[in-house]
Amino acid sequence: MRVRSGHVHDGESMTGRLLGSGRAADVYEIDEAWVLRRNREGWGDALAEGAVMEHVRRHGYPAPRVRLSASTRTDLVMERLSGPTMLEALGSGRTDARESLCHISGRISARRLVRAIARRRSALVAEPRGRFGNAASVRARRRAPGRGCDTGSQAGDVLAGLLRRLHAIPARHPSTRRVLHLDLHPDNVILTPDGPYVIDWTNTEEGDPGLDWGMSAVILAQVAVSAEALAGTARALLAALLADASDLTGEGLAEARRRRAANPTMSRREVELLGDAEELVRAYVG
């Protein structure tokens, strides 16, 4: 998100200063506790999005509070969170941001950590070695003593945990499906003093969790196969995310690639990377 300052007039009312802009929306300050996110393109349904956020919050999931009574179809009033995004923690070089990520990931319970290590050891038995190399080497370097906090791998653990927590929540409508975020990546996770919070629920729907895992994996893999400065970090993050890929399905991965290709906010270069991105994901999961 690009940080900028300024004000905007909307009829006779005026929001606060512009805090940042994404590909399709701007975020404005209301006061110290609340912000307004305005969709510039006029598509989507902020009220429906806010209802999903309220639903997952009632089940203990870390999403911002919303004020639906003050929101409209294009404007969502929500809680103002304090802290860097996970992307800032990974790429800004700020020591405090990186320490925040390491501290949050270090809160994983001993029981969960033991399960994670067991899953990874099993996954190393039959690691593929394709043109993208061996994913085992990434995890092995992460476990090497004395390396300290590997923020890429730690971020992958946090994302995987957030996906599993979300998919444990029952859907709003009676069915066997689950709530999906469909855009869970480091720029949509804010590392607050109370832990990670998930933002930007614009794409949320109910469905098979395999699609959610596919979307996150493809988004990360697109960066991993690019020439961007964070490509190496994205690869470590992807390896950690897919250390236990039991929830990722072939159908989910294929549909994720199709949806990414049809995303109007993607550049031509980003679309061109989808083939290599899918191949990298399949190399990690076998």
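A few points about this structure:
- Other-chain or far-sequence residues with amide H under 5 Å of Trp34's (modelled H): Arg80
- Remark: the Glu205-Glu228 segment gains 5.3 nm on full extension, using 0.36 nm per residue and subtracting the alpha carbon distance.
Every number here is computed from the coordinates shown, using simple stated rules; none is lab data. Quick caveat, the model's predicted, so the values are computed rather than measured.
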